[in-house]
Amino acid sequence: MPQSTLPGSAVTTAVETALEACGVDLATLGGSHEARSCLNGEVLVTLPLATEADISAAIGEAHEAYLAWRDVPAPVRGNLVKRWAELLQLHKADLATIVTAEAGKVTSEALGEVQEMIDICDFAVGQSRQLYGKTMPSERPGHRLMETWHPLGVVGVISAFNFPVAVYSWNTALALICGDTVVWKPSEMTTLSALAAHTLLARAVADVGAPTNVHKLLIADRAGGEQLVDDPRVALISATGSVRMGREVGPRVAQRFGRALLELGGNNAAIVTASADLDLALRGIVFAAVGTAGQRCTSMRRLIVHESVVGALTEKLVAAYGTLRIGSPVAADTLVGPIINKASFDAMQAALAAAVEQGGTVLCGGTRVLEDEFPGAYYVEPAIVSMPGQTGIVQHETFAPILYVMTYTTLDQALALQNGVPQGLSSAIFTNDLIEAEHFLSVGGSDCGIANVNIGTSGAEIGGAFGGEKETGGGRESGSDSWKAYMRQATNTVNYSGLLPLAQGVKFL
Ligand code: NAD
């Protein structure tokens, strides 16, 4: 159900107002990089691109700042993150406006993205008093054996367009309380969201008197990202994006023995069993498959349905898709905003054509809408495709709203389908059968980093560790003990015995 309520220039005005509210001085902008809105394709603002020399200088300054920041007690470092959270709360609507304009998220999801930043800040502030190391019993009398955690240095954060600020904040809030400094290269498609979030952090830095260069922003293209990746002064590269990007970044960082934290693409499935509450499943599926116009790393892309309920469920799904309001993400009742650009639209069309060629049937969606009004933007009807199996295109992540539906007979078949793709990010089962649920969560069940019961694949909370296996890259960010990725561990043995007994009973001298 397409709808249009979006006067073009209103987007630019709203973004400029929001940027100024966040403290960005528009007079200092201008340059070769065009920050565009995916709502209508218009150029919002132009920005200068960082040169090779700028990038090198930024890394050097961040490293200098690290040498001071690492000596600030962790709970005091937490004060910076606490202040950032206050400013984010104050400017939640401003930042959400910019996220919507650049990434196309509907207002509720854009506000949710900023809330996620506030939540991780809260978490990190608490964590700043809990950078615990263990003490272990030593096998030698008069000895103490323990571990301590120290900051790593400069953390290079590379982020994707679809979470323009939240994923950066997962990294930054934790890195800062751990005593690291951060150099951030955001997606070229969401530079204004980055500028606003960075400016708010700069205000927090000034307010608490932290070293100015604890965080640096690089408005840079892919080559700039590569320079960050290759710089030996950057101790950890935390990179979020496509598997293609991870394949390039991972080996480059490994080549110089740096650390990499990779959060890459997903190909997330839900299993719907015969015992599932279909109405609950329906709501979970539609949010996961259609939310953020199918552009979440955790978006549901595959639906594996028991043969006894597949007819009823697909009928409900097609009906629900028919009621989705597609259009301006700032309109209160819109559920589906635009996808990011023409390349995404072309990839979606190519995937649908491949699916049909491989025996699939498009049950609904796939058509571009609002084209006359917004020729420079790509609004599409989310698609559902019934597939005879899981070879070919279903093995790939197409970053657009396409849901492939397949059937199964036994739970073992369903699990084989669920695990039978190269990616391993998120997964779900809808069931009211405890045994099926436990089997799904057991060692022989889902092989993903996220495995849910009776909720969809997307919409994770910050309290748990976030990340996935296989081609998703193996990284873990956000909650639980993800903070350890931003620190180095040292094992310490203290001898207060006055003697020198050797471990394992070794005699020497
Ligand atoms: P992308 O891979 O095109 O770009 C991501 C970032 O990497 C950008 O900042 C880009 O400039 C940079 N980049 C690309 N190649 C690089 C290189 N060789 N060296 C250094 N930097 C490089 O991804 P995108 O289109 O922005 O985002 C969508 C993808 O991100 C999807 O695959 C999605 O699943 C994934 N993603 C994963 C997670 C996760 O947590 N697992 C979260 C969000 C998005």
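In whole percent, what relative contact order does region 187-342 give with Cα contacts below 8 Å and a gap of six or more residues?
Once normalised by length, the contact order is 15 percent.
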Between Ser32 and Ala331, what is the spin-label point distance in nm, taking each point 7 Å from the Cα along the Cα→C-beta axis? 3.9 nm
Select from Thr292, Val405, Ser344 the residue farthest towards the positive end of the dipole of region 268-462; place +1 on Cβ of Lys and Arg, -1 on Cβ of Asp and Glu, and compute about the Cα centre. Ser344
Note the angle between two axes, namely the Cα long axis of helix 8-21 and the longest principal axis of the Cα atoms of the chain, as a number of degrees from 0 to 90, rounded to the nearest 10. 20 degrees
In what sequence, highest mean first, do 216-223, 25-32, 473-480, 52-59 appear when ranked by Cβ atoms within 10 angstrom? 473-480, 216-223, 52-59, 25-32
Among Ala254, Gly112, Asn268, pick out the residue whose Cα is farthest towards the positive end of the charge dipole of the chain, where Lys and Arg carry +1 and Asp and Glu carry -1 on C-beta, about the Cα centre. Ala254
Between the residues Ser308, Ala320, Ala202, the Cα farthest towards the positive end of the dipole of the chain, that dipole coming from +1 and -1 charges on the beta-carbon of Lys, Arg, Asp and Glu, is from Ala202
Please give me, ordered by residue number, the chymotrypsin sites (Phe, Trp or Tyr not before Pro) of region 131-163 that lie in loop per DSSP and have at most 14 other Cβ atoms within 10 Å. Tyr132
With charges set only on the Cβ (+1 for Lys and Arg, -1 for Asp and Glu), what does the dipole of region 31-113 come to about its Cα centre, in debye to the nearest 20? 380 debye
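Please report the net charge: other residues with Cβ closer than 13 Å to the Cβ of Leu67, K and R +1, D and E -1. Provide the component values of the computation, followed by the final result.
On the way: positive: Arg70, Arg233; negative: Glu61, Glu64, Asp71, Asp180.
Every neighbour counted, the sum reads -2.
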State, as an integer percentage, the relative contact order of region 268-462 based on alpha-carbon contacts under 8 Å between residues 6 or more apart. 30 percent
Roughly how tilted is helix 191-208, in degrees to the nearest 10 and between 0 and 90, from the longest Cα axis of the chain? 30 degrees
Straight-line reach only, C-alpha to C-alpha below 27 angstrom: list the lysines that Lys316 could link to, leaving out same-chain residues fewer than 8 apart. Lys105
Roughly what would the spin-label model give for Leu499 and Asp277, points 7 Å off Cα along C-beta, in nm? 6.6 nm
Counting other Cβ atoms within 10 Å, keep those with at most 11, restrict to DSSP loop, and tell me which GluC sites (Glu not before Pro) in region 116-221 are left. Glu139
Using only Cα atoms, locate the centre of region 206-266 and the centre of region 2-75, then give the distance between them in Å, rounded to an integer. 18 Å
Gained length - Thr17 relative to Thr409, 0.36 nm times residue gap less alpha-carbon distance: 135.6 nm
Among all the aspartates and glutamates, which ones have a C-alpha under 14 Å from Lys470's C-alpha, if same-chain residues fewer than 8 places away are not counted? Glu263, Glu397, Asp447
Which of Lys92/Lys134; Lys92/Lys216; Lys484/Lys507; Lys82/Lys342 exceed 30 Å between C-alpha atoms? The answer is Lys92/Lys134; Lys484/Lys507; Lys82/Lys342
About the Cα centre of the chain, what is the dipole size in debye to 20, counting +1 per Lys and Arg Cβ and -1 per Asp and Glu Cβ, all else neutral? 1520 debye
Angle in degrees between helix 278-290 and the longest Cα principal axis of the chain, rounded to the nearest 10: 70 degrees
Of the trypsin sites (Lys or Arg not before Pro) in region 247-285, those whose Cβ has at most 15 other Cβ within 10 Å and which sit in DSSP loop: Arg256
Give me the percent relative contact order of the chain, please, defined on Cα pairs under 8 angstrom at least 6 residues apart. 19 percent
Can you compute the modelled spin-label distance between Lys484 and Glu315, with each label point 7 Å from Cα toward Cβ, in nm? 5.1 nm
Give the distance, in whole Å, between the Cα centre of region 136-191 and the Cα centre of region 375-430. 33 Å
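So if R0 is 56 Å, what FRET efficiency would Ala53 and Ser308 give, r being the distance between their Cβ atoms, rounded to the nearest 0.05? Present the calculation step by step, with values, prior to reporting the outcome.
On the way: r = 65 Å, r/R0 = 1.15.
Here the calculated transfer efficiency is 0.30.
Read-outs: derived from the displayed coordinates by stated rules, not from any lab. Values in this document were obtained by computation on a predicted structure and should not be read as measured data. All Cβ positions, even for glycine, are placed from backbone atoms using ideal geometry, and neighbour counts span all protein chains on display.
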